[in-house]
1. Looking only at region 351-365, how many residues end up being within 28 Å of residue 393 (Cβ to Cβ) and touching a helix residue (DSSP H, G or I) at 6+ places or on another chain (Cβ under 7 Å)?
2. All but one of (1) assigned to a loop (DSSP other than H, G, I, E, B); (2) modelled with pLDDT of 95 or more hold for residue 23, so report the exception by its number.
3. Determine, yes or no, whether residue 137 is outside the structural domain of residue 315 (by TED's automatic domain parsing) and either over 27 Å from the mean Cα position of the chain (by Cα) or buried (at least 20 other Cβ atoms within 10 Å of the Cβ) (or both).
4. For region 172-199, which residues satisfy the criterion of being assigned to a helix (DSSP H, G or I), crowded, with 17+ Cβ neighbours inside 10 Å and over 20 Å from the mean Cα position of the chain (by Cα)?
5. If residue 119 satisfies all but one of (1) more than 26 Å from residue 93 (Cβ to Cβ); (2) assigned to a helix (DSSP H, G or I); (3) in contact with a helix residue (DSSP H, G or I) (Cβ under 6 Å, 6 or more places away or on another chain), what's the number of the condition it fails?
6. Looking only at region 57-80, filter to residues that are of a type in the set (A, V, I, L, M, F, W, C) and part of a loop (DSSP other than H, G, I, E, B); which one of those is farthest from residue 9 (Cα to Cα)?
7. What number of residues within region 260-275 satisfy the criterion of being part of a helix (DSSP H, G or I), surrounded by fewer than 20 Cβ atoms within 10 Å (Cβ to Cβ) and touching a residue at least 12 places away in the same chain (Cβ under 8 Å)?
8. Among the residues of region 59-72, is any of a type outside the set (Val, Ile, Thr), in contact (Cβ under 8 Å) with a residue 24 or more places away in the chain and over 21 Å from residue 396 (Cα atoms)?
Amino acid sequence: MKRILILCDMFPPAFAPRMGYLCKYMQRAGWKPYVVTEEIPESMFTFLAGLVPATYVRFFHHRKSPVGKLEWLGVFLGDLLFHYKDRQMVKAADVLFRQEKFDAVLCSTYRTFPLPAALRVARKHHVPLVADLRDIVEQYAGNEFISKPVHLFPWLDRMIAKIYRKHLLKNRNKVLRQADCLTTVSPWHVQTLSAYNRNVRLIYNGYDPELFFPEYPQTKQFCLTYTGRILSFGIRDPRPLFEAVRRLDNEHAIDPEDFRMVWYVDAHSRDLLDEAARHDQVEKYMDYHPYVGAEKIPDILHHSSILLQIANKCDANGPKGIMSTKLFEAMATGKPLLCVRSDESCLEQAIRETHTGTSARTADEAYRFILEQYRLWKRQGFTAIEPNIQAVERFSRRKQAEEFMQLINELTNNG
């Protein structure tokens with residue numbers, strides 16, 4: 001049995017379930033994970049909350065009051081200039097180290113925070129540090145890594161983004177060079193991060209086999225379903241999909257009575273989608289819903305006909321290596337996947353190897369796949385595929401927890 005201290009930017013019930021599932025299966029294996037994270041008022045993964053001891057550090061006390069923006073600006077500047085948030089995380093971690101003896105520190109992040117805190121804690125208490133990078137600044141097509149754009153003047157926004165990006169990378173890379181091991185989520189990420197640390201391990205995102213499995217209920221409508229965010233069309237471009245649906249509509253091959261594109265998205269994503277759908281004159285096929293709790297996602301996927309993975313070509317001006325949790329959860333359901341537009345990289349390769357659908361490089365490829373699945377649904381009332389089960393199972397959250405534990409065993413035994 002090992003005790004692991006996990007420092008992360010988000011933890012259930014907030015978004016980013018990677019560490020939540022890891023704790024679930026670590027604990028079942030007899031390990032004792034403890035968590036220090038930022039308190040974030042989201043409730044996407046309530047079923048993963050409360051499984052392990054978690055300290056939620058509160059940085060914002062006035063989110064819904066008029067002074068909330070001023071408080072956010074104060075915390076942002078304090079963190080930018082003095083590492084305020086990391087200092088508070090160190091204090092919370094030190095309290096736990098006085099109560100328990102930990103074997104290693106694991107830090108998971110999508111940008112930089114709380115990597116500096118994790119390094120300080122690991123070195124102070126003489127234990128190995130594993131840095132887990134779920135997302136990195138370099139993967140985005142533009143400045144989507146900034147969670148709250150300033151929106152002052154275009155030239156000033158670009159200057160602020162450039163300075164902030166440089167600041168994030170400087171602090172992140174300083175930690176990565178000193179970490180005992182890095183873990184990350186795609187082959188592209190491994191290649192990129194190898195420039196800072198030679199010991200980089202690939203541990204994909206994945207699905208919980210207890211929640212996601214094949215099930216094929218008959219449905220009254222043919223639904224193409226997407227759950228998630230669309231930050232920009234530079235990262236996720238649905239327009240080839242809309243072009244394909246417009247062609248199907250023009251040929252009278254589909255009917256809005258039984259053919260629906262269903263989107264579980266936030267307001268920003270809806271605005272982007274709605275404008276593009278109107279441009280292609282397919283808005284009559286669109287259904288919008290707000291985010292739902294993660295516990296409802298399996299049933300939504302099971303009652304869908306095609307599971308959408310909205311992406312874009314992986315190149316110098318596009319997204320790179322993005323393989324989100326929803327990809328693997330979709331694979332586990334036995335429902336056909338349509339990735340559009342294909343990234344022509346990691347996503348396309350994963351879908352091809354698992355035999356779980358198609359990654360459409362053109363609107364014509366999307367058109368043919370949708371029409372094939374729609375005709376299948378017309379005949380039998382549901383859609384299904386025959387995946388490469390062994391290839392899909394390698395993305396199980398249980399197996400990924402085993403990979404993390406094996407890695408930590410290697411580091412602690414060598415130490």
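1. Taking region 351-365 first, the residues within 28 Å of residue 393 (Cβ to Cβ) are 351-361, 365.
Within this subset, residues satisfying the condition of being touching a helix residue (DSSP H, G or I) at 6+ places or on another chain (Cβ under 7 Å) are 353-354, 356-360.
Residues flagged as within 28 Å of residue 393 (Cβ to Cβ) and touching a helix residue (DSSP H, G or I) at 6+ places or on another chain (Cβ under 7 Å) within region 351-365 amount to 7.
2. Result: residue 23 passes all but (1).
3. Working: outside the structural domain of residue 315 (by TED's automatic domain parsing): yes; either over 27 Å from the mean Cα position of the chain (by Cα) or buried (at least 20 other Cβ atoms within 10 Å of the Cβ) (or both): no.
For residue 137, the condition - outside the structural domain of residue 315 (by TED's automatic domain parsing) and either over 27 Å from the mean Cα position of the chain (by Cα) or buried (at least 20 other Cβ atoms within 10 Å of the Cβ) (or both) - is not met.
4. Narrowing region 172-199 to residues assigned to a helix (DSSP H, G or I): 172-176, 187-193.
Add one more test, that the residue is crowded, with 17+ Cβ neighbours inside 10 Å, and what stays is 172, 175-176, 188-190, 192-193.
Correct list: 175, 176.
5. Single failed check for residue 119: (1).
6. Across region 57-80, the extreme among qualifying residues is 67.
7. Kept after step one, since they are part of a helix (DSSP H, G or I), are these residues of region 260-275: 267-275.
Those left that are additionally surrounded by fewer than 20 Cβ atoms within 10 Å (Cβ to Cβ): 267-268, 270-272, 274-275.
Add one more test, that the residue is touching a residue at least 12 places away in the same chain (Cβ under 8 Å), and what stays is 268, 270, 272, 274.
The qualifying residues number 4.
8. Of region 59-72, the ones of a type outside the set (Val, Ile, Thr) are 59-66, 68-72.
Next, only the ones that are in contact (Cβ under 8 Å) with a residue 24 or more places away in the chain stay: 59, 72.
Still in the list and also over 21 Å from residue 396 (Cα atoms): 59, 72.
Yes, region 59-72 contains at least one residue that is of a type outside the set (Val, Ile, Thr), in contact (Cβ under 8 Å) with a residue 24 or more places away in the chain and over 21 Å from residue 396 (Cα atoms).
The values are calculated or read from the model by the stated rules, or taken from the named source; none is laboratory data. No experiment lies behind these values; they were computed from the predicted model shown. All Cβ positions, glycine included, derive from the backbone under ideal geometry; neighbour counts span all protein chains shown.
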